[in-house]
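What follows is a single structure, written as C-alpha cells, with notes after it.
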Amino acid sequence: MIEVHHLTKRYARHEAVRGISFSVARGEIVGFLGPNGAGKTTTLRMLTGYLPPTSGTASIANHDIFRDSIEARRKIGYMPENVPLYEDMRIREYLKFRAELKGLSGSDTRRRVDEVIDTCGLGNVRRKMIKTLSKGYRQRVGLADALVHDPELLILDEPTNGLDPNQIRQIRELIRHLGQSHTVLISTHILSEVEMTCNRVIIIDGGKIKAADTPANLVGQMRAAGRIQAEIQANPEVVTAALKRLDNVKKVTPELLEDDWVRYTIWEDSSSDTRESIAQLTSQSGWPLRSLFRHVATLEDVFVELTRKD
C-alpha cells in the first residue's frame, strides 16, 4: 500500500528527513513513532501531498505521490494533528461539504455521510454546530472527514491528542474496527495504545528510521527485559556480593529503603530468569524477602532505548 524509498526533506541547512525507506502492506495497522522533531509529521505531509520532498520516491497503492499525485491522494484519508474544522457549520452539513469536495455527489454523498456518522459515533450530535463540540467529538468529526470518500489508506497524525482516557479508549476501539477494512498509518505519543492497536511499529529519530518490527519482537530484543527487583532485609554488602555470584547476573545495584530494607536492581542476561535462584539464596541465608519481580519490558522501554540522547 505504501512504498517509500530514500525519502528526504531538507530545509536550508536542516535535514528533517534523511533518506528513509519503509513499506506498509495492505491491511496493516502501523504505528509511526518518534520524539518531537524526529521527522514524523514532515514524512506524513510528504506522503499526503502537503509538502514536496527534496529527493526520493514514494507511492500509495502503486500511484507515485509526485507524478500521479491526484490519484495517490484519492486513496488517502488524512487526519492532521490539529484538525481544521469550519466551526459555524453543523456536523452533517460539514461532512456533506467535504464529501462533495472529494468528488462525491447525489446519493453517494448522502450514503457515505450517513455511514461515517454511524461509524464514528456522531449520530447523537449530527445536527450540532461544530463550535459547540467537545475535543473528543471534534476528533471524531476529523476522522469522519478522513473516511467520507472511503479511502483505502488512513493516515492519522496524533488522533488522540488532547483526549481524556475514556475518549482515548473509544478512539482506539474505532481505529481497531477501521483496521479491518482499511490500511492505517498512525502517528502517536501514547505508546501503550500502539502496543494494543498496531501490527507493526516504525520508529524514527533524527530523520532516520531506527527500527521497524512488530511490538513483540522489538520488546523481546530489549536489554530491559533482563531486570529483576528484590527487596531484602540484610547487610547490603553481603547481599550484593552474593547476588553477583549467581549465574547470568551481570550487575547489582542496591537502594536503601526504610527500616533496613534494601531494594536490589539485578541486571541479568536477557534470556535468563534468576528469580528462583534469588528466592533460594534468601531462604538459605535466612534473609527476609518481601518482594521479588521481573521487569517486563514495554514499547516505551524500546522507544527510550532507541531515541535517548545520552
Restricting to Cα pairs below 8 Å that are 6+ residues apart, what does the relative contact order work out to for the stretch 1-134? Please round to a whole percent. 20 percent
Solution diffusion estimate, µm²/s, Stokes-Einstein, the stretch 100-214, Kirkwood Rh from C-alpha pairs, 25 °C, viscosity 0.890 mPa s: 159 µm²/s
Place +1 on the Cβ of every Lys and Arg and -1 on the Cβ of every Asp and Glu in the chain, take the dipole about the Cα centre, and give the residue among 288, 214, 264 whose Cα lies farthest towards its positive end. 214
Please work out the Cα center distance from the stretch 202-273 to the stretch 37-116, rounded to the nearest Å. 45 Å
Among 284, 221, 233, the residue with the largest mean-square fluctuation in a Gaussian network model of the chain built from Cα contacts under 10 Å is 284
For the stretch 223-307, what's the relative contact order in percent, using C-alpha pairs closer than 8 Å and at least 6 residues apart? 42 percent
Would you please calculate the Kirkwood hydrodynamic radius of the stretch 1-117 over all C-alpha pairs and express it in Å, rounded to one decimal? 16.1 Å
Go ahead and estimate [θ] at 222 nm for the chain from helices alone: -39,500 (n - 2.57) per DSSP H run with n ≥ 4, summed, over the residue count, rounded to 500. -10000 deg cm²/dmol
0 to 90° range, to nearest 10: angle between helix 91-101 axis and the chain longest Cα axis: 70 degrees
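Counting pairs of alpha carbon atoms under 8 Å apart in space and at least six apart in sequence, what relative contact order in percent does the chain give?
19 percent
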With viscosity set to 1.002 mPa s and temperature to 20 °C, compute the Stokes-Einstein D of the stretch 223-307, Rh being the Kirkwood radius across alpha carbon pairs; µm²/s, no decimals. 162 µm²/s
How far is it, in nm, from the label point at residue 36 to the one at residue 280 when both lie 7 Å from their Cα along the line to the Cβ? 5.0 nm
Take the residue pairs 75/208; 40/250; 96/208 and return only those whose Cα atoms are more than 29 Å apart. 40/250; 96/208
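No value in this document is a laboratory result; all are computed from the given coordinates. Values in this document were obtained by computation on a predicted structure and should not be read as measured data. Reconstructed Cβ throughout: ideal geometry from the backbone, glycine too, with neighbour counts over all protein chains shown.
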